[in-house]
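Novice: The structure under discussion is supplied below as structure tokens; questions concerning it will follow.
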Amino acid sequence: MKGSQIRELNERENLRNFSRSLPMALLRARETVMERFRPNLRAHNLTDQQWRVLRALFDHGKKDLGELSDMCCLLKPSITRIIRSMEKRSLLRKSLDTQDHRRTIVSITTIGRDLISKVGPNSEAIYQEISAALGSNELEELHRKLDTLMVKLDKN
């Protein structure tokens, strides 16, 4: 199909141009940013998702699986698998909630904290590179706009 045929089809079906699709633009932006961070994570044998879990526990303390799943934007079956692999590496530990034995509580270990101290400085240096490339004001404005988008869409 030629470009004009695609435009005609999009107009007829009331579809926005794929290149202007907000979900795709956000995914492309995420991948562009993550390409900067992944070598640092891989050097420490971490996946993007494992790093999210470590950071969430480091910043917010122990959490139950449901809270952690929501914080890290991971599906519950995925977080269960991720937690299991991280527990084998002694990066975190699981325990039963003393009040409700149906809940599993996850916390970061000393080994996990040590890994944060190794990965974190490199991560911060990458943030500085991104800030220099985009501009610190523009980066802060991007954060504000994304926060606003999430708040406004959550209200619906």
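Novice: Looking only at region 24-34, which residues are without any contact (Cβ under 8 Å) to a residue 60 or more places away in the chain and closer than 28 Å to Ser107 by Cα? Write out each step before concluding.
Specialist: As a first pass, look at region 24-34 and keep what is without any contact (Cβ under 8 Å) to a residue 60 or more places away in the chain: 24-32, 34.
Passing the criteria: Arg30, Met34.
Novice: Same structure again: Within the set of pairs 6 or more residues apart or between chains, which connect a residue that is free of Cβ contacts under 8 Å to residues at least 24 places away in the same chain inside region 71-88 to a residue that is basic (Lys, Arg) with Cβ atoms less than 7 Å apart?
Specialist: Partner pairs satisfying both residue conditions: Met71/Lys63; Cys72/Arg52; Glu87/Arg93; Glu87/Lys94.
Novice: Among the candidates Leu68, Leu9, Leu74, single out the residue that is among the aliphatic types (A, V, I, L, M), in a helix (DSSP H, G or I) and modelled with pLDDT of 90 or more.
Specialist: On the way: Leu9 fails: modelled with pLDDT of 90 or more; Leu74 fails: in a helix (DSSP H, G or I).
The unique qualifying residue is Leu68.
Novice: Based on this model, can you work out whether Asp48 counts as at pLDDT 95 or above, open to solvent by 80 Å² or more (accessible area, probe 1.4 Å), closer than 24 Å to Lys145 by Cα and not small (Gly, Ala, Ser)?
Specialist: Working: at pLDDT 95 or above: yes; open to solvent by 80 Å² or more (accessible area, probe 1.4 Å): no; closer than 24 Å to Lys145 by Cα: yes; not small (Gly, Ala, Ser): yes.
No, not satisfied.
Novice: Answer yes or no as to whether Val33 is of a type in the set (Val, Ile, Thr), open to solvent by 50 Å² or more (accessible area, probe 1.4 Å), assigned to a helix (DSSP H, G or I) and closer than 24 Å to Asn122 by Cβ. First the steps, then the outcome.
Specialist: Values: of a type in the set (Val, Ile, Thr): yes; open to solvent by 50 Å² or more (accessible area, probe 1.4 Å): yes; assigned to a helix (DSSP H, G or I): yes; closer than 24 Å to Asn122 by Cβ: yes.
So Val33 passes the test.
Novice: For the list (1) farther than 30 Å from Leu142 by Cβ; (2) surrounded by 14 or more Cβ atoms within 10 Å (Cβ to Cβ); (3) at pLDDT 95 or above; (4) among the charged types (D, E, K, R), I need the number of the one condition that Asp114 fails.
Specialist: Among (1) farther than 30 Å from Leu142 by Cβ; (2) surrounded by 14 or more Cβ atoms within 10 Å (Cβ to Cβ); (3) at pLDDT 95 or above; (4) among the charged types (D, E, K, R), Asp114 violates only (2).
Here's the yes/no breakdown for (1) hydrophobic (A, V, I, L, M, F, W, C); (2) open to solvent by 40 Å² or more (accessible area, probe 1.4 Å); (3) under 30 Å from Ala25 (Cα atoms):
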position	(1), (2), (3)
Leu54	yes, no, yes
Ser69	no, no, yes
Arg84	no, yes, no
Arg93	no, yes, no
Leu96	yes, yes, no
Gln99	no, yes, no
Thr109	no, no, no
Gly120	no, no, yes
Glu141	no, yes, yes
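Novice: Which of the residues belonging to region 44-65 are more than 13 Å from Leu91 (Cβ to Cβ) and assigned to a helix (DSSP H, G or I)?
Specialist: First, pick out the residues of region 44-65 that are more than 13 Å from Leu91 (Cβ to Cβ): 48, 59-65.
Correct list: Asp48, Asp59, His60, Leu65.
Novice: Take region 90-130 and flag every residue that is in contact (Cβ under 8 Å) with a residue 40 or more places away in the chain and outside any strand (DSSP E or B). Give the steps one after another, and end with the answer.
Specialist: Let us first name the residues in region 90-130 that are in contact (Cβ under 8 Å) with a residue 40 or more places away in the chain, namely 91, 104-108, 112-113, 115-116, 118-119, 122-123, 126, 129-130.
Answer for region 90-130, where residues must be in contact (Cβ under 8 Å) with a residue 40 or more places away in the chain and outside any strand (DSSP E or B): Leu91, Gly112, Arg113, Leu115, Ile116, Lys118, Val119, Asn122, Ser123, Ile126, Glu129, Ile130.
The values are calculated or read from the model by the stated rules, or taken from the named source; none is laboratory data. Predicted, not measured: the structure shown is a model, and the values here were computed from it. Methodologically, a virtual Cβ is constructed for each residue, glycine included, from the backbone with ideal geometry; neighbour enumeration extends over all protein chains shown. Protein only, heavy atoms only, side chains kept; ligands, DNA and RNA dropped before computing areas. Shrake-Rupley method; radii C 1.70, N 1.55, O 1.52, S 1.80 Å.
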